[in-house]
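Throughout, read-outs are computed from the coordinates displayed, never taken from laboratory work. Owing to the predicted nature of the structure, the values given are computational and were not obtained by experimental measurement. When we count neighbours, we look across all protein chains shown, and the Cβ atoms used for this are built from the backbone with ideal geometry, even at glycine.
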Amino acid sequence: MKRYRLLVTGRLTLPQIFIVVCLSVSVALSLAAAQGDAPTRPKSDTWFVAPNGNDTWSGRMPKPNDNGTDGPFAKLHAACKAAQKLGTEKPRRIVIQQGRYFCDEPLVLTHKDAGLTIESAPGAKGVLYGGRKVTGWKKDGEKFYSVTLPGVKEKKWDFRCLVVNGRFCPRARLPEKGFFQHLSSFNVPWMTSTGGGWKRKPTSEELTTLKYRPEDLGPWLDINNAEIAVYHMWDESLVGISAMDTESHTVTFSTPSGHPPGAFGVKKYVVWNVREGMTQPGQWYLDRTDGKLVYWPLPGEDMTEADVVAPTIETIIQIRGTKADPARDITVRGLTLSVTTTPLKPGGFGAGRFEGAVSLVSTENCRLVNLEIVNVGGQGIKASGQGLHIERCHVHHTGACGIRCRGTEAVVSDNHIHDIGLTYPSAIALQGGGKDCLLSHNEIHDCPYTAINCGGERNRIEHNHIYRAMRELHDGGGIYCFAGRDLVLRGNFIRDIIDTGGYGASAYYLDERSENCLVEGNLSVGVVRPSHNHMAKNNTIRNNVFISDGDARLTFPRSSGYTFERNVLVAEGKIVFDNPDAITTWKNNVLFSRAGKIEGNKLERYSKKGTFELKPDGGNVFTDPQVVVFDRGVIRFAPGSPATKLGIKGIGIRGAGVRPVVADKVSETEL
């Protein structure tokens, strides 16, 4: 009481007051401690997971203590349960230590996990596998090794992906290269997607039967093991076989195909997963009849030491909310995810029916950052929600798609996506959709079908670097937009897209119901059809540079209301416009054919009804634009170029593709 009176009477100086207060607090704490009421430290918001952990421990320590009574968890599931008990009032963090983790079931995160971050420890590589190790290999004939797997014969364990020593292994295949040609026909017109699809609905028999050539298949085919990939135009159907009639040379599918065999005039098919298809080292098949996994080792591969992982689940991490309770503010960072499977069914357009190694549904402000997703049977990432961020992920060697992201205000940027569609060639490397999303600065290559597909409203596809796409299927492109409104395609660099037939391949493709879109400041090199426009209207193609080492063809079937201005086209061969009447504003372009041929084709729907020579009216110039091409897509024009006189700007897209990171920040590059 004396000390209190001194304070209120003002007899102490300020330094003295400070000393007195500190002494008072110290005494109070000492008294509380003596009475057993000492204040406790708040619990940590961080949990740890390590291969040498134990799920009965607290998970609060990064490594086991000296006496082995406490330390990290062993499984991510246990850490998430512990973090969930803390509630969502403050952020929580789970740190994965260096090592390999095998998951028997998906990790499911919901609205109860709001604010959670799961990440690898600094400098560590935590790898989550959606499967189990396979050991106990024995010789199976002269070349092969096999191991009996529980549940395979009973069809409780089935998979279409196998990883051996870090390699996505190809399945047994017939024929060894190329395709079989079947004898089924379906001569019904396709009325476009907008027009309702097939003019006549296919029958059940047409969707479930295929007539084969007797020299291709025979009674030796084990229909319990065999799977057939029936090729269509822009997709394929992978199906099982329920019956085989060797007299009529007909197989019956276990599930309907997406389109009838023979549709679009395509008659290709491949048989997978049979012993007769084991034609080279590194292949495998799952023998459901005998309940075993069979593998042909690569030269020098020792199966007593081989690291073999077979998938047991379709997805490893699920972030799953509902409309009423979205999963919010969850971050997954710095992990590697590998080895998942898919069910035996057709994947549909873009192989979109399969799950992702990471799957998100009904989410808000969730982030996937710096993940590596490799050697998975289905999608790498399949996400939907609001405010999604998928950034700096490396997604490669997938059975289906790389990244599929639909939602509102999503950002998908600085990802490296390649070698996708290894099981389902209709897979799309990056698919976007929804509203007000940004797909930017991604590097995408080695795709059997489209690199980027996007529709929706007001989405921006900018500064992506795309090459070696459309290597197997048809009617797609480097960037393919369907039913997009007010889309912006800007600053992209697309090169080396080949046309393998069918409905063709393009660099920039605006398809049915694409309206009021802007294609501006893009570069195309080595693509015969740099711009394809089908049943689209009121779009603008402006200030692009298209360079072809052969012919160049720009197509506008059933389109209208186009603005085509200030573009530069250079072709070693001729330049052809299909249905140039679709272009209502045509001015200030520079077209240069080294073959001296610039033509237009009149179309009636899709049929050519005449060819005529295009004239350089409307301020257009048919002469050499004097392009100077630098590495990585920087385009400039020589002094005195006619392009410069027409107000055509050079294109500086050196920054297309993934941007370098400097001091944890994305560097500013010339756009």
Approximate shape of segment 171-265 as ellipsoid semi-axes (Cα gyration tensor, √5λ), whole Å, largest first: 24, 14, 12
Whole-Hz ³J(HN,Hα) from phi, Karplus 6.51 cos²θ - 1.76 cosθ + 1.60, for segment 465-470, glycine and proline x: 10, 10, 7, 6, 9, 6
Of Thr279, Ala327, Tyr295, farthest towards positive along the dipole that unit charges on Lys, Arg, Asp, Glu beta carbons give segment 274-359: Ala327
Size of electric dipole in segment 502-671: Cβ of Lys, Arg +1 and of Asp, Glu -1, about Cα centre, debye, nearest 20: 180 debye
Segment 262-319 and segment 105-128: distance between their alpha carbon centers, rounded to Å: 30 Å
Candidate aspartates and glutamates - alpha carbon under 16 Å from Lys602, same-chain residues fewer than 8 apart omitted: Asp578, Asp581, Glu613
Between helix 14-34 and the chain: long-axis angle, C-alpha atoms, 0 to 90°, nearest 10: 90 degrees
Net dipole in debye of segment 133-309 [+1 Lys, Arg Cβ; -1 Asp, Glu Cβ; about Cα centre; nearest 20]: 400 debye
GluC sites (Glu not before Pro) restricted to segment 572-618 and DSSP loop, no more than 16 other C-beta within 10 Å: Glu572
Loop-located GluC sites (Glu not before Pro) in segment 186-218 whose Cβ has at most 13 other Cβ within 10 Å (DSSP): Glu215
The chain, relative contact order in percent, only Cα pairs under 8 angstrom and at least six apart counted: 8 percent
Helix axis angle, 76-85 relative to the chain longest principal axis, alpha carbon, degrees: 60 degrees
Segment 289-351: C-alpha pair distances exceeding 14 Å, %: 78 percent
Whole-Hz ³J(HN,Hα) from phi, Karplus 6.51 cos²θ - 1.76 cosθ + 1.60, for segment 301-312, glycine and proline x: 7, 9, 6, 6, 10, 5, 9, 10, 10, 10, x, 10
Cα convex hull of the chain, projected area averaged across orientations, nm²: 42.5 nm²
Loop-resident sites, segment 552-658, for chymotrypsin sites (Phe, Trp or Tyr not before Pro), counting at most 15 other Cβ within 10 Å (DSSP): Tyr606
Mean Cβ count within 10 Å, highest first, over the residues of peptides 526-539, 79-92, 186-199: 526-539, 79-92, 186-199
Highest-first arrangement of 457-470, 341-354, where packing means the average Cβ count within 10 Å: 457-470, 341-354
Hull shadow area, averaged, segment 346-462 [alpha-carbon convex hull, nm²]: 5.7 nm²
Normalised contact order of segment 502-671, rounded percent, pairs of Cα under 8 Å and 6 or more residues apart: 14 percent
Helix-only [θ]222 nm of the chain, DSSP H runs n ≥ 4, -39500 (n - 2.57) each, per residue, nearest 500: -2000 deg cm²/dmol
Quarter of the Cα convex hull surface for segment 133-309, i.e. its orientation-mean projected area (nm²): 11.6 nm²
Shape of segment 100-150, Cα gyration tensor, a/c cut at 1.5: oblate
Relative contact order computed over segment 408-538 (Cα-Cα under 8 Å; 6+ residues apart), in percent: 19 percent
Listed pairs Lys63/Lys133; Lys156/Lys382; Lys133/Lys292; Lys537/Lys587 exceeding 20 Å between Cα atoms: Lys63/Lys133; Lys156/Lys382
Global form of segment 417-555, assessed from the alpha-carbon gyration tensor, a/c cut-off 1.5: rounded
Integer Hz, Karplus 6.51/-1.76/1.60 couplings in order for segment 162-172, x for Gly and Pro: 9, 10, 10, 6, x, 10, 6, 8, x, 7, 4
Burial ranking of peptide ranges 305-312, 322-329 (average Cβ count within 10 Å, highest at the top): 305-312, 322-329
Fraction of the pair-distance distribution of segment 121-186 above 13 Å, Cα-Cα pairs, percent: 81 percent
Net charge contributed by nearby residues that have their C-beta within less than 12 Å of Ala507 (K/R +1, D/E -1): +1
